[in-house]
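Here the structure is laid out as structure tokens; the discussion comes afterwards.
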Amino acid sequence: MKESHKTVQKEDELLMVSTQKKSVVATEEKSAVQEVIKKSVVTEDVKQLKTEITASSTKMTMSEGQKVTLKANIPGASEVKWVLNGMELRNSDDYRYGVSGSDHTLTIKKASNKDEGILTCEGKTDEGIIKCQFVVTLSKERSSEPAFIMQPKSQNVNEGQDVLFTCEVSGEPSPEVEWLKNNQPIAVSSHLRVSRSKNIYSLEIRNAAVSDTGKYTVKAKNYHGQCSATASLTVLPLVEEPPKEVVLKTSGDASMHESFSSQSFQMASSKQEASFSSFSSSSMTEMKFESMSAKSMSSMKESFVEMSSSSIMGKSSMAQLESSTSKMLKSGLRGVPPKIEALPSDISIEEGKVLTLSCAFSGEPAPEITWYCRGRKITSQDQQGRFHIETSEDLTTLIIMDVQKNDGGLYTLNLGNEFGTDSATVNINIRSP
């Protein structure tokens, strides 16, 4: 009986030990599971931290209507997207995505109030999602289309001289300026240089050659509008031409010569000869006598007087010639027909902007200038409103303020003086804003 009781007690003890062992194992397993869960949570936290890396933050200001390109550098990025104030921007004409190497770009076609705020470029990398942030504000400053404060002037120079065309252009933002020769872009070289100092733009031609003769145009444009001006350059060759005899007819049908060479006259009398040499006004007339009678002397004196009046030019004669020539030129006996140096064939401008149309011209005497709009003359009454015409010595400019849709069409410039006429037409296209 006692042995049976001991056996039961022993079995109870064994069962208790087994239960305790199982409890210990279960506790250890639970701890292991909790540890795994903790490790998993830590890993997720680290992973979450990696997805929130902000690589850069940039403040920038844009003007209304401006075309803007933002650039974010994210090496090894994939699935790149641009987000504005929490909303993803889709790749479109208004918001154009681009990529060049590790640089990702977003081009905003025309900035407006809706583009203000936080603009972010996000790209997935091995390190997580990298963000490049832009804090965008819209400028309150008033922007304006380009306009000439000073235009380049036409020039005549001798071969080998240096030439400098200069203009001053206003506009906000600063306009892009391009120089052209005969409507072709100019290639910069050691011979041709362009430069800028604030609003002053210059084109320098060093050691000008005859081949540099032509029409030089400067174009300035920003997203608000554009303007252009043209000036001509004439390079005169350094060629020595043989002297030419020019005869100017006087009222008495007598001839006067611009240049005179030494002349020899021989006169013979019945018994003797006399020799006369005539020189320029600074020389003395030299007469050589061998022997002659009083009669031959008298005869020679009369001949000499006749020669002096018709052939020998002294200082007073030279002065008279110069005065006569000057009077003839001033009286308009010589002239040059008018010529339009350059005028663009087509111009496109946005409605509401200011149109500036400039044209260089030549002509002697100065030609009469007339502008026409679709065949109708632009009168002084028109110029009291939105239309203005400004004309200098060799440049005429048509300015239209606050361009309207009905301002579009063909505009004609007409020049005329007593030696001829010239005209040119330009088509103005008005775009909707």
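The values are calculated or read from the model by the stated rules, or taken from the named source; none is laboratory data. Here the structure is a predicted model, which is why all the values come from computation and not from measurement. Glycine also receives a Cβ, built like all others from the backbone with ideal geometry; neighbour counts cover every protein chain displayed. Keep in mind that these areas ignore ligands, DNA and RNA; they rest on the heavy atoms of the full protein, side chains included. Shrake-Rupley method; radii C 1.70, N 1.55, O 1.52, S 1.80 Å.
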Exercise for the section: Could you pull out the pairs from LYS109/LYS221; LYS59/LYS110; LYS110/LYS377; LYS110/LYS215; LYS109/LYS131; LYS109/LYS181 whose alpha carbons sit more than 27 Å apart here? Expected result: LYS110/LYS377; LYS110/LYS215; LYS109/LYS181
Completion exercise
Counting only residues 5 or more apart in sequence or on a different chain, those whose built amide H sits under 5 Å from that of ILE378 are TRP371, TYR372, CYS373
Handout entry: Contact order relative to length of region 47-191, as percent, for alpha carbon pairs under 8 angstrom and 6 or more apart
Key = 26
Completion exercise
Whole-percent carbon and sulfur contribution to the accessible surface of region 141-198 (1.4 Å, no ligands, DNA or RNA) stands at 44
Handout entry: Under-5 Å amide H pairs with ALA229, H placed in peptide plane, nonlocal only
Key = VAL218
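Net charge near THR54, counting Lys/Arg +1 and Asp/Glu -1 over other residues with Cβ under 11 Å of its Cβ?
Taking every Cβ under 11 Å from that of THR54, the sum is -1.
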